[in-house]
Each structure stands twice: as C-alpha cells, then as structure tokens.
1. Within the stretch 4-33, can you find the residues that are under 24 Å from D64 (Cβ atoms) and out of contact with any helix residue (DSSP H, G or I) (no Cβ under 8 Å at 6 or more places or on another chain)?
2. Cβ-Cβ below 7 Å, separation at least six or inter-chain, first residue in the stretch 36-55 and over 14 Å from I18 (Cα atoms), second among the charged types (D, E, K, R) and in a loop (DSSP other than H, G, I, E, B): which pairs?
3. Among what's in the stretch 71-86 and is in a loop (DSSP other than H, G, I, E, B), touching a residue at least 60 places away in the same chain (Cβ under 8 Å) and surrounded by fewer than 22 Cβ atoms within 10 Å (Cβ to Cβ), pick the residue that is nearest to the chain's Cα centre (by Cα).
4. How many of the residues making up the stretch 46-70 are in contact with a Lys or Arg (Cβ under 9 Å, 6 or more places away or on another chain), assigned to a helix (DSSP H, G or I) and buried (at least 19 other Cβ atoms within 10 Å of the Cβ)?
5. Residues being surrounded by fewer than 20 Cβ atoms within 10 Å (Cβ to Cβ) and under 15 Å from Q98 (Cα atoms): count how many of those fall in the stretch 146-167.
6. Looking only at the stretch 139-188, how many residues end up being of a type in the set (D, E) and within 22 Å of E211 (Cα to Cα)?
7. Applying the selection to the stretch 12-43, what residues are under 13 Å from the mean Cα position of the chain (by Cα) and either small (G, A, S) or surrounded by fewer than 24 Cβ atoms within 10 Å (Cβ to Cβ) (or both)?
8. Under 6 Å between Cβ atoms, which residue pairs at least 6 apart in sequence (or on different chains) link something in the stretch 213-229 that is under 10 Å from T171 (Cα atoms) with a partner that is in a helix (DSSP H, G or I)?
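The values are calculated or read from the model by the stated rules, or taken from the named source; none is laboratory data. Small disclaimer: the values here were computed from a predicted structure and weren't measured. Cβ atoms come from the backbone with ideal geometry, glycine included; neighbour counts cover every protein chain shown.
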Amino acid sequence: MSRVALVTGGTRGIGAAISKALQAAGYRVAANYGGNDQAAQKFTDETGIPVFKWDVSSYEACVDGVKAVEARLGPVEILVNNAGITRDTMFHRMRPDQWTAVINTNLGSLFNMCRPVIEGMRERKFGRIINISSINGQKGQIGQVNYSAAKAGELGFTKALAQESARFGITVNAICPGYINTEMVQAVPKDVLEKNIIPQIPVGRLGEPEEIARVVVFLASDDAGFITGSTLSANGGQVMV
C-alpha cells in the first residue's frame with residue numbers, strides 16, 4: 001500500500017503544487033488548510049485529494065487533525081510543513097500580535113505537527129519530515145523580522161530533530177525557496193518585480209511552485225534516505241549557502 005503524505009497549507013500556491021506532485025508520485029495525500037474554504041473545495045474537486053481544516057498554530061487542533069487524517073488514510077509517514085503566514089511591517093512599528101501570529105504559525109507549527117507523528121514514525125522505523133523555510137530565513141529581509149526569525153528557526157529545528165531521528169529511519173530536511181511565482185509574489189507591483197527583484201536572481205526569472213514540489217518528492221523518496229539535516233536552497237542562485 002502506498003505511503004501517506006500530509007501537507008500543511010496544502011491547497012494553494014507551493015503547497016498545492018506539493019500535494020499534486022506527491023499524488024502523482026503515488027502517495028496517498030492529505031492536504032491541510034487554515035481558512036479559505038472556497039479554495040480548498042476547488043482544490044479537492046480538481047484533484048480528488050481530501051482536505052482537512054485546522055489551525056496549525058494550535059497544538060490541540062494539530063493532534064485532532066492528525067488523528068482525522070490517520071483515521072481516513074492511515075499513519076502519516078511523510079509530513080510536509082508548508083503552512084505559513086506573513087504580517088510584514090518594520091520592526092519599530094511591529095505589534096506583539098504581529099510577532100506572535102507569525103512565530104506561532106510558521107515556527108510553532110513545526111512542534112505542533114511533528115510531535116503527534118514522531119512517535120509513530122520511530123516505532124515504524126521510517127519517516128520523512130520536510131520543512132518549507134525561506135530564502136529570508138537565510139539572509140533576512142527588511143520588514144520581515146518576525147517572518148525571517150521564524151524561518152531561520154525552522155532550520156535549527158530541522159538540524160536538531162534530524163540528529164535525534166536518524167537512527168530510527170527518519171530524515172528531516174528543509175527547503176528554502178526563493179521568489180516563487182505564487183499569488184503572494186504576483187501581488188507585488190510589476191515594476192517592482194522587474195526592476196528590483198528579478199535582477200537579483202541570477203537565472204533571471206521567478207521560480208515555479210512545481211520546481212519546489214519536485215524537490216519535496218525527491219526528499220520524500222527512498223532514494224533520499226542518506227540525506228538528513230540538510231537545507232536545500234531553491235532560489236535561482238540568489239543566495240548561495
């Protein structure tokens with residue numbers, strides 16, 4: 001029987017591309033989402049992938065959500081932590097709620113999601129945890145102290161959990177996308193994209209969500225069993241680490 005993959009934030013943008021790519025690779029996929037019911041329904045209508053709504057910033061919601069997924073599909077063997085939000089503003093204007101919301105959703109969710117599945121992965125001696133970080137967790141970004149801190153924290157989480165889990169057949173890796181052609185990036189004014197962002201990318205273009213998804217499919221596979229604790233930069237050469 002094919003393995004079960006759970007993708008948080010899995011119905012839109014990069015997450016949707018990941019869900020579809022894992023399905024095409026033969027996995028049984030569950031897609032979590034947080035709020036956009038219309039987009040989630042459209043996604044499942046188009047793909048047949050079941051969707052599950054819960055708030056990844058809540059540990060209790062994640063425990064219940066994982067239970068619902070496993071009751072329907074079976075034990076989660078591949079977990080892709082993709083869900084994230086932004087609350088951008090300059091730090092000297094940042095409110096405590098803007099800090100807390102981003103830290104809890106983008107970083108706290110890694111604990112909330114990994115904790116309910118890690119014991120089962122250890123018992124089965126197999127697991128794949130793939131955390132979607134960001135180029136801005138590597139280099140920082142003006143107006144994103146909260147987001148950059150959370151995404152950098154994901155990298156430390158990845159390395160530590162990888163060390164704890166390796167002897168149980170569990171790999172834990174992170175992907176740092178650069179500027180990807182999603183709704184969020186498309187909302188940036190065209191002249192800003194063309195004059196300020198794309199010229200900084202050596203390959204001369206935005207990335208596509210499917211390019212991130214292909215990295216996830218590889219890391220989820222048996223072929224990637226010797227890769228753990230790694231950070232893969234998929235940013236067109238914008239930041240080389």
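1. Correct list: G15 only.
2. These pairs meet every condition: N36/R12; A39/R12.
3. From the stretch 71-86, those in a loop (DSSP other than H, G, I, E, B) are 74-75, 82-86; that's our starting set.
After this cut, where a residue has to be touching a residue at least 60 places away in the same chain (Cβ under 8 Å) as well, the list is 74-75, 82-84, 86.
Subset that is surrounded by fewer than 22 Cβ atoms within 10 Å (Cβ to Cβ): 74-75, 86.
Numbers: G74: 21, P75: 19, T86: 14 Å.
Here the answer is T86.
4. Qualifying residue count for the region: 2.
5. 1
6. Initially, the stretch 139-188 is screened for residues of a type in the set (D, E), giving 154, 164, 183.
Restricting the remaining residues to those that are within 22 Å of E211 (Cα to Cα) gives 154, 183.
Total satisfying the criteria: 2.
7. Of the stretch 12-43, the ones under 13 Å from the mean Cα position of the chain (by Cα) are 12-19, 31-33.
Hits for the stretch 12-43 are R12, G13, G15, A16, A17, S19, A31.
8. Final answer for the pair search is A224/F218; T228/A162; T228/A166; G229/K159; G229/A162.
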